[in-house]
Amino acid sequence: MILAKNLTLSYDNKKNIIENANFLIKEKEFIFISGSSGSGKSTMLKSLYGGLAVKKGNLFVNKHDLVKKSYSKLLSLRKDLGIVFQDYKLIQEYTIEENIMLPLKVHNYADDVSKAQVKKLLKHVKLSHKVGAYPAELSGGEQQRVAVARALAHNPSIILADEPTGNLDDYSSDMIWTLLKNANEHLGITIVVVTHRIPIDMGIKYRRFNIEEGVVYEAS
Amino acid sequence: MKLLKSFISFTFPLVVMLFMFSIYLIVTKVVDNYKENIINDYAIVVITNTPLLSIDKLAGIKVKDIESLSRDRIIKNVQQNLSDSSVELLQKKLPYFYKIYLEEFPTSLKLEKIRKQLMTISNIKKIETFSNDHNKLYSLLILVQNIIFILFGAVLLLSVLLLSKQIKIWFFEHNDRISIIQLHGGSLLYSSLPIIKIILGSALFSSILSSAMLFVIISNIHMIIQPEIMTLIPTVLSMEMEIFKIFLLSILIPSVTFLGLLVKYKLQ
C-alpha cells in the first residue's frame, strides 16, 4: 500500500517538483505514472524508495512513514521493495548470478536457497545460459531482464520501475512488460511503473496517474 | 598497475607510522630497562629525630621499602675514640637514619615533590635525594623518548590523513556498487565490504612488514648503535608483546579511520 497526502517534493528546497499530491495505491494494483519529460515522474518514484526526502505532507509505503524515516528504517523499507531502473543499475564486477543474488544476500538467505531461487528466476527471464556472464557481455534487453529478475528475487510486495523499457527495442520491451504483468497477476506484487510509453494492450487492469507541472491526477 | 598503486598509497604511510611506532617501542624498552636497573641502586636517605612512621607513597610513587640504618653500628664505629659518657650522650642525641627505596625511578620534578612532601613531616631533619647521580642520563633518555613520541604522533596524524584520502578514493571508485547495494536495502557497512577487505589485507601486510623490520633492527642493533650505548640495551630483548602491539595498531588505525569516514558518509 502506498499513501500520499498533500505530498510536496523538491530538490534542495528550491522550486517544488511535485505539489500537494494525494493518491492511494492499494495492494496488488498495477500503476502507471506518466507525463511529459521533466514533469516529475522519476522524482515521484524516487521519493517512494526514500531517495528523496519529503518536503511537505505525508507519504507511507507499506506502513513505513517516509517523513519520519531514519537510516535503518530506510534500509528496512528498501528490503521490502524491488526496484528496476532505465539504466539497469547492475554491478559490473558481479556475474548475472551474483547480481540477482544481491537482495537475497541482503536478506541473509542461505546460499543453497539463494542459488535455487536464482536458477528459477534465470529460467523465468530466459537467461539460464548466461548465468556466469557479466553485465557488459549482455544486450540492453538482457540486462533489463536480469534487473527484473533481481527485483523479483526476494518476493517483494512492491516493484518500482523507472522507465524500464526506455532504452529497449520493441521485442525486449514486450518481454519486460510480460515479466512485470506476470509478477502482478501471478505473484500479487504491486507494480508502480514510471513511463512515457504505456503499451497499447496490457491485457490486465491498471490505473494511470498523470503528472503535469507538478500536479498529480488520475487519468481515465 | 592501478591496484598496485592504490595498495602502495595505503600501505606506505601505514608502514612508516608502524616503523616509527617500533622505534618508540624500542626506546621505551631501553628506558624501562634503565629505570629498572637504577632503581635497585637508588634510595633516598632521611635523618629523623624520632623513629620514622610508615610511608606508603611519595609524589604518587609507591614506597618499596624503608630500611633503618643501625644506630649501634654507627656508634660502634666511633666509640673507640670516645669516653663512656660521650658514647652515652651520643646514644641519646644521635638521630635515626633511614633509606627509602621506591618502586620506580623518580624524575627531578618528582624528586623535588618528594623532598617537599618529606619536609612536611615534622620529625625529619635532613633529606638526601642524590638527585645528580643518575638524573642526567635518565633525563636524556626521557627526552629522547618524548621526542620520538612526538614524532610518532606527527607521523600518526599524517598517516591518518593519507589513509583517509586513500579510503575516500576507494569509496569513490566503488560508488556505483555501494549505491546499488544500498538501493536494495544493504547497509553502508555491508556495501563497503570490498573496501574493508582491501583495508584489512593492507593492514596485515603492513604489520608483517613492520614486524620484520623491527626484527631486523633488533637482530643487528650492535651494528646500528654505538658500543657505549649498548650497555643500556637489555641483554634479552624479547619483542613478542611489541609485535602484538604493532599488529594491533596496524588494524586499529585503518579501522578507526574507515569507521570515521563511514560515520561521515552515513550522516551525509
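Which three lengths, in whole Å and largest first, does chain A cover when its Cα atoms are put on their principal axes?
47, 40, 30
Averaged across the residues of A:79-86, what count of C-beta atoms belonging to other chains lies within 10 Å of each residue's C-beta?
Details: counts 3, 1, 3, 1, 4, 0, 2, 0.
Other-chain Cβ atoms within 10 Å of each residue's Cβ, averaged: 2.
Over the Cα atoms of the stretch A:17-65, what Rg and Dmax result, in angstrom?
Cα only, the stretch A:17-65: 11.2, 30 Å (Rg, Dmax).
At a 10 Å Cβ-Cβ cut-off, how would you order B:Val263, A:Val215, fewest neighbours first? Kindly include the intermediate steps, with their values, before the conclusion.
On the way: B:Val263 11, A:Val215 14.
Going from sparsest to densest Cβ surroundings: B:Val263, A:Val215.
Classify the stretch A:83-194 as rounded, prolate or oblate from the Cα gyration tensor: take a ≥ b ≥ c as the square roots of its eigenvalues, call it rounded if a/c is under 1.5, otherwise prolate when a/b beats b/c and oblate if not.
Details: a/c = 1.60, a/b = 1.14, b/c = 1.40.
The shape class here is oblate.
By counting other Cβ atoms within 10 Å of each Cβ, how are A:Thr43, B:Thr120, B:Thr28 ranked from fewest to most?
Numbers: A:Thr43 19, B:Thr120 7, B:Thr28 15.
Fewest to most other Cβ atoms nearby, the residues stand as B:Thr120, B:Thr28, A:Thr43.
Could you please state, rounded to a whole Å, how far the C-alpha centre of the stretch A:1-74 is from the C-alpha centre of the stretch B:168-207?
Here the answer is 30 Å between Cα centres.
For the protein assembly as shown, report the % of Cα-Cα distances exceeding 38 Å.
Everything past 38 Å amounts to 54 percent.
In peptide B:169-182, what is the residue-averaged number of other protein chain Cβ atoms found within 10 Å of each Cβ? Present the calculation step by step, with values, prior to reporting the outcome.
Values: counts 0, 0, 0, 0, 0, 2, 0, 5, 5, 1, 2, 11, 5, 6.
Counting Cβ atoms of other protein chains within 10 Å of each residue's Cβ and averaging gives 3.
Within a 10 angstrom radius of each residue's Cβ in A:102-110, how many Cβ atoms of other chains show up on average? Whole number is fine. Don't skip to the answer; put the middle values down first.
Values: counts 7, 5, 1, 4, 8, 3, 0, 0, 0.
Mean number of neighbouring Cβ atoms from other chains: 3.
Counting each pair of different Cα atoms once, what's the Kirkwood radius of the stretch A:10-141 in Å, rounded to one decimal? Walk me through the numbers on the way to the answer.
Details: mean 1/r = 0.0576 Å⁻¹.
Value: 17.4 Å, from the Cα pair sum.
Take the Cα gyration tensor of the stretch A:137-211, multiply each eigenvalue by 5, square-root it, and list the three semi-axes largest first, rounded to whole angstrom.
Values: eigenvalues 65, 53, 25 Å².
Semi-axes (√(5λ), whole Å): 18, 16, 11.
So if I take the alpha carbon set of the stretch B:43-129, get Rg, then get Rh from the Kirkwood formula, what is the Rg over Rh ratio?
Values: Rg = 15.0 Å, Rh = 14.1 Å.
Taking Rh as the inverse mean 1/r over Cα pairs, Rg/Rh reads 1.06.
For chain B, which semi-axes, largest first and in whole Å, follow from the square roots of 5 times the eigenvalues of its Cα gyration tensor? It would help to have the intermediate numbers written out before the result.
Details: eigenvalues 724, 90, 32 Å².
Equivalent ellipsoid semi-axes, largest first: 60, 21, 13 Å.
Under the rule of at least 5 residues apart or a separate chain, name every residue whose amide H is placed under 5 Å from the amide H of B:Ser192.
HN-HN under 5 Å from B:Ser192: empty list.
For the stretch A:106-174 and the stretch B:23-45, what is the separation of their Cα centres, given in Å?
The stretch A:106-174 and the stretch B:23-45 have Cα centres spaced 69 Å from each other.
By average Cβ neighbour count within 10 Å, what is the ranking of A:129-140, B:199-210 from highest down?
Peptide ranking by packing, descending: B:199-210, A:129-140.
How many lysine pairs in the stretch A:27-78, separated by 8 or more positions in sequence or lying on different chains, have Cα atoms less than 13 Å apart? Working shown, then result.
Numbers: A:Lys55/A:Lys68; A:Lys55/A:Lys69; A:Lys56/A:Lys68; A:Lys63/A:Lys73.
Lysine pairs, 8 or more places apart or on different chains, close enough: 4.
Using a Förster radius of 56 Å, what is the FRET efficiency between B:Asn40 and B:Phe12 based on their Cβ-Cβ separation? Nearest 0.05, please.
After rounding, the FRET efficiency stands at 0.80.
What list of ³J(HN,Hα) couplings, whole Hz, do you get for the stretch A:179-184 from phi and the Karplus terms 6.51, -1.76, 1.60, once you set θ to phi - 60° and write x for glycine and proline?
Coupling constants for the stretch A:179-184: 4, 5, 4, 4, 4, 6 Hz.
For the stretch B:1-50, just run the numbers: alpha carbon Rg, then divide by 2.2 N^0.38 Å, N being how many residues it has.
Values: Rg = 23.0 Å, N = 50, 2.2 N^0.38 = 9.7 Å.
Normalised by 2.2 N^0.38 Å, the Cα Rg of the stretch B:1-50 equals 2.37.
A short reminder: the numbers here are calculations on the coordinates, not readings from a lab. The model shown is predicted, which means the values in this text are computed figures rather than measured ones. Note: ideal-geometry Cβ built from the backbone for every residue, glycine included; neighbour counts use all protein chains shown.
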